[in-house]
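To start, the structure under review is shown below, and the notes come after it.
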C-alpha cells in the first residue's frame, strides 16, 4: 500500500513495522479517522508541507504519530530495542 | 417521595476511606449504610470503557473556579471505589518527621498524632491493599525489582528504595499478580488494588449489616442539639433519601467532605480551607550513558528520599523523586523532528538516542497549608440541585516550594555529573489527584480532633485526605487507608 511505504520512508522504518504500527493506530482510532490522519500526515510531510508553518506541520503529523507510538512496546519497536516483555521483568 | 433508612453508622462516600471504615464496622457487627454519589462499575465494565464513557448524571463534576480564574485540573470522579479505580498504586508511608513539621522545623503544622500512633494501621493497610515492598516486611509480597533506570540512580540519589505499591507481586485472594504492563491507572488484570476488592475480599456484598446506596448524593447533615441526626440525600432521579444513624462518617474526598460540611452550615470558620494538591515537576535529564529507560515492572519502581527530610525543611519543601520508567514520549520527539523537516533514518536515530539517554524524573513537593486555597459553595447549582463547589486554587508553587525545586535541580546536576547528567527540560504538571486538607486534624484549631471527630458535633467524623494537617511530599493513599482503618476500628469498638 502506498501509505505504508510512505510512512515507512518518512519514519525511517521498514514496511512490515509500518504496517503493524498502522494496524495499532487503526484499532485505536477506527478506519475512518485513520484515513483522515493519513491524509493530514501525507500532506504535512509531502511537498505541500514545506510551505506550512512548523506548528501546523506538527499538529498534522502528531495525531497519527501519537496513536502509533503510544505504548512503551510500540516505542521500543520503533527504535529497534528489545520489547519490554511482561512477567519476565518482574523476575528482575 | 422520600425513602428512609436507619443504621448504626452512616458513611458518606464509597471510596478507599468509606469502604475501609465500613468493612471494619461490619466486621465488628455494626449496621452500616454507605451513600455514594456515583455508581458501581465492575472491573470488566471499566475495561470495556462503559464506566468512563457513560457516566450517570450524578457522576458529572460539580465544581467551578471563581470568576476570572483558571480552573485547576482536579482529578476525581464519583463511583463506588472512588479514586482507587484509577490510581497508580503507589502506597508509601509518611515519614515520622512529616507528623512533626512545626516541632522539628518551625514551619507548617504538626499532626496531633505521631507516626507511632499510625504505624500498626499502616501495617494493616499494607496487608489489605496487598502492598508489594512495604516496610512491614510482608513476606508474601516482595518488592518489585528496581528498573535499569533505578539501578543507574540508586547510589547517586541515595537513600533510594523500591516503591511500595498496591500491585501484588504474587497471587492474592484469587487474583493474578501484577503483569507489569505499566497501565496501572486501569489495571488490565485487576491486580492493582481498588476499593472494589473490599466488596469481595471482605464479603461486604450481601452482608446483612452492609447496605450501599449508589447514585445517592449526600446533600446535607441535619444537626439537632450539636448532634448529627440525619443525613439527607438526593438520588439521580431526584428522589429524597434520609439516613438516621448513631454515628455519621464523612469519607469522601477533601473537596466533597468540605462541601458537605458547608452545605450543613458547619463551616465553623475553618472547613474548606487549606486545600492542597501535590505539585509535580517533571524533569528530563540527558545523560552520556544509556539510562535503561523503557524498561521496568511498572510506571515507577524506585523512590529517592534524598530530599525527603532534613533541617532544610525550615526554609524549603521536602521532595521525593521517582524515575518514570517509560522515559520520554517518543511521539513528541518524532513529531518535533518531522515538523522541523527531518525525514527517514535520522528521525528514528534521534528518537532512539533520546529514548536511550534521557531520564524522566517525576518530583513531588510538599507545600505549607494556605487558607486561601479553599472550597466554598457557589450560588450556581448542579443537576441535583446542590450548590456547585467553588474551588479557589492555583499551582505556581509558594516560595517554600520554589526554593526546594531550585535546590533539587542544582543537586541533581552535581549528583549525576559523573554520567554527564544535564537538565534539559523542567515543567510543572498539575495532576489534581491528591486532594488534601480542608477538614484538618488539630488540637483546637482544626475541623476535627486527633480521632477525626468533629470538634463541635460529637457523633460526626471526617476522614480521608481532608484530615491531613500537613501534606508531606509522599503520596497520600496509604495514609488515607490507615486513617480509615483506625477510625473504623475505633467506632467498631464503641
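The values are calculated or read from the model by the stated rules, or taken from the named source; none is laboratory data. Given the structure is predicted, the values throughout are model-derived calculations rather than measurements. Methodologically, a virtual Cβ is constructed for each residue, glycine included, from the backbone with ideal geometry; neighbour enumeration extends over all protein chains shown.
General remarks:
- Residues that are in contact with a helix residue (DSSP H, G or I) (Cβ under 8 Å, 6 or more places away or on another chain), within 22 Å of residue B:367 (Cβ to Cβ) and part of a loop (DSSP other than H, G, I, E, B) within the range B:415-462 comprise B:433, B:434, B:435, B:437, B:438, B:439, B:440, B:447, listed in sequence order.
- Unique residue being touching a helix residue (DSSP H, G or I) at 6+ places or on another chain (Cβ under 8 Å) and within 7 Å of chain A (Cβ to nearest Cβ) when the list is B:318, B:326: B:326
- Residue count for the range B:340-383 under the criterion of being within 18 Å of residue B:74 (Cα to Cα) and part of a helix (DSSP H, G or I): the result is 0.
- Verdict on residue B:266 being crowded, with 20+ Cβ neighbours inside 10 Å and part of a strand (DSSP E or B): no
- Criterion: more than 9 Å from chain A (Cβ to nearest Cβ), buried (at least 23 other Cβ atoms within 10 Å of the Cβ), more than 19 Å from the chain's Cα centre (by Cα) and at negative phi - qualifying residue of B:285, B:360: B:285
- Contact map, the range B:393-414: first residue at positive phi, second residue part of a helix (DSSP H, G or I), Cβ cut-off under 9 Å, separation 6 or more or different chains; pairs are B:397/B:404; B:397/B:405.
- Condition met for residue A:66 (modelled with pLDDT under 90, within 12 Å of chain B (Cβ to nearest Cβ), touching a helix residue (DSSP H, G or I) at 6+ places or on another chain (Cβ under 9 Å) and part of a helix (DSSP H, G or I)): no
- Verdict on residue A:52 being under 23 Å from residue B:353 (Cα atoms), facing chain B (nearest Cβ under 10 Å) and out of contact with any strand residue (DSSP E or B) (no Cβ under 9 Å at 6 or more places or on another chain): no
- Flag set for residue B:349, criterion: over 25 Å from the mean Cα position of the chain (by Cα) and more than 7 Å from chain A (Cβ to nearest Cβ).
- Exactly one residue out of A:54, A:82 is modelled with pLDDT under 90, under 16 Å from residue B:348 (Cα atoms) and exposed (fewer than 15 other Cβ atoms within 10 Å of the Cβ): that is A:82.
- Scanning the range B:78-89 for residues that are out of contact with any strand residue (DSSP E or B) (no Cβ under 6 Å at 6 or more places or on another chain), under 18 Å from residue B:190 (Cβ atoms) and either outside any helix (DSSP H, G or I) or modelled with pLDDT of 95 or more (or both) yields a total of 5.
- Candidates A:8, A:25 - the one that is within 11 Å of the chain's Cα centre (by Cα), more than 7 Å from every other protein chain (Cβ to nearest Cβ) and touching a residue at least 40 places away in the same chain (Cβ under 8 Å): A:25
- Within this structure, residue B:366 fails the test of being within 30 Å of residue B:451 (Cβ to Cβ), more than 14 Å from every other protein chain (Cβ to nearest Cβ), in contact with a strand residue (DSSP E or B) (Cβ under 6 Å, 6 or more places away or on another chain) and touching a residue at least 24 places away in the same chain (Cβ under 8 Å).
- Condition met for residue B:298 (under 19 Å from the mean Cα position of the chain (by Cα), within 14 Å of another protein chain (Cβ to nearest Cβ) and buried (at least 21 other Cβ atoms within 10 Å of the Cβ)): yes
Residue-wise test of (1) facing chain B (nearest Cβ under 9 Å); (2) farther than 21 Å from residue A:76 by Cα; (3) outside any helix (DSSP H, G or I); (4) out of contact with any strand residue (DSSP E or B) (no Cβ under 7 Å at 6 or more places or on another chain).
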| residue | (1), (2), (3), (4) |
| --- | --- |
| A:13 | yes, no, yes, yes |
| A:21 | no, no, no, yes |
| A:32 | no, yes, no, yes |
| A:35 | no, yes, no, yes |
| A:38 | no, yes, no, yes |
| A:58 | yes, yes, no, yes |
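- Test: residue B:339 is under 26 Å from residue A:55 (Cα atoms), at pLDDT 95 or above and within 12 Å of chain A (Cβ to nearest Cβ): no
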